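Written below as structure tokens is the structure these notes are about.
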Amino acid sequence: MWMAATAVILVFVLGLASAIGKARKGRWWTAGAVFLPGLGMVGILLGGVARQSTSFFWLGCLFVAAGFGSEAMAYWRTAGSERVVR
């Protein structure tokens, strides 16, 4: 279990570092898309599965879903700005 916990925390810390870099560039939706699924994974695995807490499990699922929504918003905002008007 300690190896899994270490891997989850490492992914969370790396995602947090990437999200901070994206936020400094002003890409808030992309920062949320990077940070929220990592936070949700920590909630699901360490809170929900390891401690048998259904509230942490569902809270983690909510963060993952919010991360996917943030990814969609980042895509829609970027896709609209890259269109060339002729």
Exercise. Before we move on, is residue 24 of a type in the set (D, E, K, R) and at pLDDT below 90?
Worked result: no
For this session: Give the residues of the stretch 1-46 that are within 19 Å of residue 77 (Cα to Cα), open to solvent by 60 Å² or more (accessible area, probe 1.4 Å) and not in a helix (DSSP H, G or I), sorted by residue number.
Result: 25, 27
For this session: Would you mind stating whether residue 68 is part of a helix (DSSP H, G or I), of a type outside the set (S, T, N, Q) and in contact with a Gly (Cβ under 6 Å, 6 or more places away or on another chain)?
Result: no
Problem set entry | Some residue of the stretch 47-57 being at pLDDT 90 or above and open to solvent by less than 60 Å² (accessible area, probe 1.4 Å) | no
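The values are calculated or read from the model by the stated rules, or taken from the named source; none is laboratory data. Every value quoted in this text rests on a predicted model; they were computed, and no experiment measured them. Positions of Cβ are generated from backbone atoms using ideal geometry, with glycine treated the same way; all protein chains shown enter the neighbour counts. The accessibility values were calculated without ligands, DNA or RNA, using every heavy atom of the protein model including side chains. Shrake-Rupley method; radii C 1.70, N 1.55, O 1.52, S 1.80 Å.
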